1. In segment 13-35, what residues are surrounded by 20 or more Cβ atoms within 10 Å (Cβ to Cβ), out of contact with any Ser or Thr (no Cβ under 7 Å at 6 or more places or on another chain) and not aromatic (F, W, Y)?
2. Only one of (1) within 22 Å of R89 (Cβ to Cβ); (2) outside any loop (DSSP other than H, G, I, E, B); (3) of a type in the set (S, T, N, Q) fails for N56. Which number is that?
3. Listed residues V354, V364; which is in a loop (DSSP other than H, G, I, E, B), in contact (Cβ under 8 Å) with a residue 24 or more places away in the chain and under 23 Å from V163 (Cβ atoms)?
4. If the requirement is being at pLDDT 95 or above, among the basic types (K, R) and over 15 Å from the mean Cα position of the chain (by Cα), which of these qualifies: K326, K259?
5. Select, from E285, E310, the only residue that is over 24 Å from G84 (Cβ atoms), at pLDDT 95 or above and among the acidic types (D, E).
6. Return the pairs, sorted by first residue and then second, in which the second residue is surrounded by fewer than 17 Cβ atoms within 10 Å (Cβ to Cβ) and of a type in the set (V, I, T), the first residue lies in segment 144-163 and is within 22 Å of T181 (Cβ to Cβ), the beta carbons are less than 9 Å apart, and the residues are 6+ apart or on different chains.
7. Filter segment 75-108 down to the residues that are over 13 Å from the mean Cα position of the chain (by Cα) and either surrounded by fewer than 19 Cβ atoms within 10 Å (Cβ to Cβ) or not hydrophobic (A, V, I, L, M, F, W, C) (or both) and list them by number.
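The values are calculated or read from the model by the stated rules, or taken from the named source; none is laboratory data. Predicted model only: the values in this text are computed from it and were never measured. Methodologically, a virtual Cβ is constructed for each residue, glycine included, from the backbone with ideal geometry; neighbour enumeration extends over all protein chains shown.
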Amino acid sequence: MSDVYVMGVDMIKFGRFPDRSVPNIGAEAALMALDDAGLGIQDMQALYCGNLGQANAMVGQRILQEIGQTGMPVVNVANACATGATAFREAWMSIKAGMYDVVLAVGVEQMGKGLLGGAGGGDGIPKEGLLGSGTMPCVFAEAGMEHAKEHGTTFEQFAKISVKNHHHSTMNPKAMYQIETPLDEVMNAEMISYPNTKLMCSVNVDGSAAAVLVSEKKAKELGMGRAVKVRASAMASDPYTDRDLVMPDVNACTRLAAKDAYEQAGIGPEDVNLVELHDCFATAEMLHYENLGLCKDGEAGRMIDEGHVELGGKVPVNVSGGLLSKGHPLGATGIANIYEVCTHLRGEAGARQVEGAKIGMTHVIGLGTACGIHILEKLTKS
């Protein structure tokens, strides 16, 4: 099976674009990634498109109506917050399988405002409001409080994650917000669901990101100077766990996917130089330090207290600003994270550059559906 490389990758500046359509937003990122690869839409052999909000609207085909209908196969995917990562993984798998040499993956979303999650459909007694809340702020607040109970994690430690990510965002021109948020401001902001204040919640924005993936044969043909190797692509869904099903397990599928990714790559967490992980809430980022093996269980609070996850630290996390500042357009986030890591591995991240980065990891989790993890590697000159 061929190794797979990212030859082109880019994302638009996240924001809110009420006057634009989803295909139009996706088309912009697609063209940017094609330009980055030095290729055109006529060079692509297939398109994998991730979008959640318009999952039945053939978004991939509508993107091609914007940039060129070549007759290529198009696959549309929806997988909660892991949608973009799933589109990227499907593109990766098609090259691994020997079907194609050049494939385009696009993730795009146009978001509204307000809380995600809630009662949902189904028969029987609704648990929303009776057995707690299914809104995402409440789910991840509960997960954070469970961590606090087991390990003594404090409100201040959770808040420091928001301070860190907002600081990182000031160096990312493509982030929705590029502002400093001092610790007292984060802790005194409007409480959404304890311990997550408003400044500890991800931002609902519109956005798109895209990547051109190629086989090793095609990469050598095009020139591998800026190519980034996809060393692992892993995905897992929630396993059954013997726990109170009113309180979702937000950890298990990440641990499964991380184990698989490290085994595929033949490395351990200690080899990773930077991570873009799913900080949908500050509490979530804290949990994922441990879920990804960046530290032992119970040591996540120390990671943030001692600066290990800041730019310049042992393993910088979310130097893009993360979902808390860059924003979280559901279908685009997975590929946007890949763009960020590739930018560092190429040495093109400017003021937020992680110096000497050779191995990077991306992580997204769609609660109750999927976790997608990718490990990317900088090519060394022979």
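1. Answer for segment 13-35, where residues must be surrounded by 20 or more Cβ atoms within 10 Å (Cβ to Cβ), out of contact with any Ser or Thr (no Cβ under 7 Å at 6 or more places or on another chain) and not aromatic (F, W, Y): V22, P23, A27, A30, A33, L34.
2. Among (1) within 22 Å of R89 (Cβ to Cβ); (2) outside any loop (DSSP other than H, G, I, E, B); (3) of a type in the set (S, T, N, Q), the lone unmet condition for N56 is (2).
3. After applying the criteria, what remains is V354.
4. Answer to the selection: K259.
5. Going through E285, E310 in turn, the sole match is E310.
6. If the second residue must be surrounded by fewer than 17 Cβ atoms within 10 Å (Cβ to Cβ) and of a type in the set (V, I, T), the pairs left are A148/T154.
7. Within segment 75-108, V75, N76, E90, M93, S94, K96, A97, G98, M99, Y100, D101 meet the criteria.
Table: residues versus (1) aliphatic (A, V, I, L, M); (2) surrounded by fewer than 24 Cβ atoms within 10 Å (Cβ to Cβ); (3) touching a His at 6+ places or on another chain (Cβ under 8 Å).
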position	(1), (2), (3)
A300	yes, no, yes
D305	no, yes, no
I335	yes, no, no
G347	no, yes, no
